[in-house]
Amino acid sequence: MYLSTIAGHVPSQMTCAMAAFLDFCYLVRHSVHIESTLVAIAKVLAWFHRERTVFEVLGLCPDGISLPCQHSMVHYQQVIELFGSPNGLCSSITETKHIKAIKELWQHSSHYKALRQMLLTNQCLDKLAALHTNFAA
């Protein structure tokens, strides 16, 4: 649906890059991976890396594309071979924990030697949570 929306409005190489990216996403989300899916993942990834240069050529990313999520795509095939299918694993779980454990504590600090303040605040919050559990019991 997305590809048909942008087709004709952006350069065809950009549409191909998006198609390759979406194909990659759909392939790695399979519940079961066999040799042919792993080969398809490698082919689609190579296709994506060929086509994504359009963003640099058009000046949208003049310094090159260097996104952590795109870099992690290179490791998916090996991780699937070692550990099996990710089965819908989503990184938003760890992002939520990161916000609670780091970003909120940073905001409550004075931003000067913040690590010590953040650790102390985290320790106090853990003790309060344990105390709350004891009171509830």
Among the residues of segment 17-35, is there at least one that is free of Cβ contacts under 8 Å to residues at least 12 places away in the same chain, farther than 28 Å from E95 by Cβ and either touching a Cys at 6+ places or on another chain (Cβ under 7 Å) or of a type in the set (A, V, I, L, M) (or both)? yes
What is the number of the single condition among (1) β-branched (V, I, T); (2) at pLDDT 85 or above; (3) over 19 Å from R29 (Cβ atoms) that V79 does not meet? (3)
For A40: the one exception among (1) of a type in the set (G, A, S); (2) touching a helix residue (DSSP H, G or I) at 6+ places or on another chain (Cβ under 7 Å); (3) at pLDDT 90 or above; (4) exposed (fewer than 10 other Cβ atoms within 10 Å of the Cβ): (4)
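The values are calculated or read from the model by the stated rules, or taken from the named source; none is laboratory data. What you see is a predicted model, and the numbers here were worked out from it, not measured in a lab. Note that each Cβ is placed from the backbone with ideal geometry, even for glycine, and that neighbours are counted across all protein chains shown.
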